[in-house]
Amino acid sequence: MELSPEEYDAYWRASIRVAAGVLLFALAVRISSPLLAHPNAGAVVFGAFLFAALVFAGCFAVMLGVARVVRTAVDAEMRG
């Protein structure tokens, strides 16, 4: 599979999206864990919301990256 410069660039951008999604997962755990362990119910609810929002954003970023990698690979294989 030979890649054009545009396809190579697309792979790098996709890998950055995947890495950003993984960082959002780590950030979700790091930020929300003290809130989820707090005895106040409001803090726990806010921690759960924050965790869910960051995990959703992380999943979205990872899937955008994976979809771009697959699309680029299929385009490169179909061309060659």
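Set Lys and Arg Cβ to +1 and Asp and Glu Cβ to -1, take the dipole of the chain about its Cα centre, and tell me which of Ala20, Leu64, Ser33 lies farthest positive.
Toward the positive end, the furthest listed residue is Ser33.
Considering all projection directions equally, how large on average is the shadow of the alpha-carbon convex hull of the chain, in square nanometres?
Its Cα hull, projected and averaged over all orientations, spans 5.1 nm².
In whole percent, what relative contact order does the chain give with Cα contacts below 8 Å and a gap of six or more residues?
Computed over the chain, the figure is 48 percent.
Once each part is reduced to its C-alpha centroid, what is the distance from segment 1-26 to segment 38-53 in angstrom?
Answer, in whole Å: 32.
How tilted is helix 5-36 with respect to the longest principal axis of the chain? Cα atoms for both, answer in degrees (0 to 90, nearest 10).
Orientation of helix 5-36: about 10 degrees from the principal axis.
How do Met63, Met78 rank when sorted from fewest to most other Cβ atoms within 10 Å of their own Cβ?
Fewest-to-most Cβ neighbours within 10 Å comes out as Met78, Met63.
Figure the gain on full extension for Val45 and Ala67 (residue separation times 0.36 nm, minus the Cα-Cα span) and round it to one decimal in nm.
Taking 0.36 nm per residue and subtracting the Cα distance, the gain is 4.7 nm.
Values quoted throughout were computed directly from the atomic coordinates according to the rules given, and no laboratory measurement underlies them. The structure displayed is predicted, hence computed values, not measured ones. Here the Cβ is made from the backbone with ideal geometry for all residues, glycine too, and neighbour counts use every protein chain on show.
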